[in-house]
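> One structure, as structure tokens, below. Some questions next.
The values are calculated or read from the model by the stated rules, or taken from the named source; none is laboratory data. Computed from a predicted model, the values in this text were never measured in an experiment. Don't worry about glycine lacking a Cβ; one is built from the backbone with ideal geometry, like all the others, and counts go over all protein chains shown. Just the protein is used for accessible areas: all its heavy atoms, side chains included, with ligands, DNA and RNA removed. Shrake-Rupley method; radii C 1.70, N 1.55, O 1.52, S 1.80 Å.
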Amino acid sequence: MNGFSFVLPGRVIFGRGEAEQAAPLIRTYGPRGVLVHGANPARAAWLLDALHSQGAEVMALACGSEPSLPMLEQALGQAKEFGADWVAALGGGAALDLGKALAGLIPAPGGVMDHLEVVGRGLPLAAPPLPYIALPTTAGTGAEATRNAVIGLPDHGRKVSIRDERMLPRLAIVDPALTDHCPRAVTLASGLDALAQVIEPWISCKATPFTDALVRPVIRPGLQALKRLTEAEDSAARDTMAWVSLCGGMALANGGLGAVHGLAGVIGGVTPAAHGAICGALLGPVLALNRTHSPDSARIREVCCEIAGVLDCTTAEAPQALTAWARGAGLPGLIAQGLDPARHQVVAEASLSSSSMKGNPFAPTVPQLCDVLREAS
């Protein structure tokens with residue numbers, strides 16, 4: 001067995017109703033903090049009120065879309081002036097990424113571009129981040145367990161990360177009740193992202209015994225739960241998806257992803273599409289590509305067998321059946337999400353330099369990736 005290492009959030013509290021203890025736990029990190037929330041401030045009012053009742057002074061910042069460089073720079077200026085002791089984020093992956101970036105950059109002496117990968121200097125943080133507390137309200141990105149924050153750069157047409165092990169949350173409270181009654185379209189897209197993040201680490205060339213133990217047991221239950229949630233609200237299915245998302249976050253932070261996320265990072269920079277919807281459209285076509293070209297497809301066959309068992313198809317039909325099921329459940333293809341087919345070549349070429357692509361079980365070519373993009377359109 002080859003050696004490996006792993007890093008995790010400082011503490012994870014998982015369970016329905018556990019968010020009730022968030023305010024007193026957050027308050028232990030200091031009297032002043034920044035609370036990042038989603039577009040609707042009403043959904044964060046309960047936590048803001050609870051923090052105030054604990055004597056905390058809180059600056060609330062809204063994150064109404066996936067974070068961009070201008071959004072981050074504006075929020076960073078406000079947060080630095082406030083003098084926070086901690087940063088908490090309550091919301092989907094976008095809010096969690098913005099909060100994570102703020103926690104890392106508020107103490108940093110330099111600017112954002114010093115730490116952005118690919119388009120910036122990609123330097124590690126020069127000062128320890130503020131304590132960061134994550135409370136996810138969607139089951140998808142697993143950002144409550146990752147060491148990076150994804151930031152969009154509209155001028156470059158890319159999404160890139162700020163990455164540092166110390167950016168892992170000091171505390172992650174994963175309460176599935178916070179995801180209850182999440183809109184159906186968001187549930188579907190984020191859930192497919194969560195599935196991608198347990199499938200890709202399993203078949204990744206960077207897989208380890210640790211990541212295997214996290215993701216292999218949840219592939220079939222994750223798809224079953226997501227299928228159930230497209231049919232009806234179900235608290236047990238919400239619980240399962242929250243666990244799948246957390247497992248995927250821990251796995252991707254300590255292993256590899258693949259071509260789904262390699263392509264999605266580029267597409268997200270050139271379209272307004274949500275990350276989860278992009279991953280959902282790509283998952284079936286990428287799985288088919290890897291099954292055809294991977295030199296060791298035993299793990300891919302296992303994934304296809306699990307999909308076939310849930311979607312009532314043959315193993316050979318599994319990638320196409322997954323795509324057809326997602327489309328039937330309401331997931332749009334890449335054209336409807338805003339990707340012009342004329343950009344396929346450019347997207348495929350750019351994706352080859354992404355860190356996620358390096359985890360794919362084989363090194364795909366640009367023509368092969370263009371075929372994937374056509375299938376996902």
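> Which count do you get for residues in the stretch 233-273 that are assigned to a loop (DSSP other than H, G, I, E, B) and over 18 Å from N148 (Cα atoms)?
The total comes to 5.
> For the stretch 343-366, which residues satisfy the criterion of being free of Cβ contacts under 8 Å to residues at least 60 places away in the same chain and part of a loop (DSSP other than H, G, I, E, B)?
Passing the criteria: A363, T365.
> Which one of A108, A62, A101, A75 is out of contact with any Leu (no Cβ under 6 Å at 6 or more places or on another chain) and over 21 Å from P24 (Cα atoms)?
Matching residue, one of A108, A62, A101, A75: A62.
> Select from the stretch 330-376 the residues that are among the polar types (S, T, N, Q) and within 22 Å of the chain's Cα centre (by Cα) and write down the one among them that is farthest from R299 (Cα to Cα).
Q337
> Please find, within the stretch 107-141, the residue that is modelled with the highest pLDDT out of those that are small (G, A, S) and surrounded by fewer than 17 Cβ atoms within 10 Å (Cβ to Cβ).
Ranking the candidates gives A127 first.
> Restricting attention to helices (runs of 4 or more DSSP H) lying wholly within the stretch 45-106, give those where 1 or more residues are closer than 30 Å to V266 by Cβ and open to solvent by 10 Å² or more (accessible area, probe 1.4 Å).
By residue number, 69-82, 93-105.
> Quick check: anything in the stretch 23-32 modelled with pLDDT under 95 and either open to solvent by less than 40 Å² (accessible area, probe 1.4 Å) or of a type outside the set (G, A, S) (or both)?
no
> Would a scan of the stretch 161-177 turn up a residue that is touching a residue at least 12 places away in the same chain (Cβ under 8 Å) and farther than 24 Å from L102 by Cβ?
yes
> Suppose we filter the stretch 7-42 for residues that are closer than 21 Å to A103 by Cβ and assigned to a loop (DSSP other than H, G, I, E, B); how many remain?
So the count comes out to 11.
> Within the stretch 107-144, how many residues turn out to be in contact (Cβ under 8 Å) with a residue 40 or more places away in the chain and assigned to a helix (DSSP H, G or I)?
Count: 3.
> Within the stretch 182-211, work out how many residues are over 23 Å from L263 (Cβ atoms) and either open to solvent by less than 30 Å² (accessible area, probe 1.4 Å) or part of a loop (DSSP other than H, G, I, E, B) (or both).
3
> Continuing with the same structure: Would you mention how many residues in the stretch 292-309 are within 19 Å of G222 (Cβ to Cβ) and open to solvent by 20 Å² or more (accessible area, probe 1.4 Å)?
The total comes to 6.
> How many residues, within the stretch 167-199, are among the small types (G, A, S) and either modelled with pLDDT under 95 or over 21 Å from A253 (Cα atoms) (or both)?
Selection size over the stretch 167-199: 2.
> Pairs please, first residue from the stretch 221-243 and over 9 Å from P176 (Cα atoms) and open to solvent by less than 70 Å² (accessible area, probe 1.4 Å), second anywhere and part of a helix (DSSP H, G or I) and of a type in the set (D, E, K, R), Cβ atoms under 6 Å, 6+ apart in sequence or on different chains.
Cβ pairs passing all conditions: D234/R228; A237/R228.
> (1) under 22 Å from the mean Cα position of the chain (by Cα); (2) of a type outside the set (A, V, I, L, M); (3) open to solvent by 80 Å² or more (accessible area, probe 1.4 Å); (4) under 27 Å from S161 (Cβ atoms): which one isn't true of R327, the others all being true?
(4)
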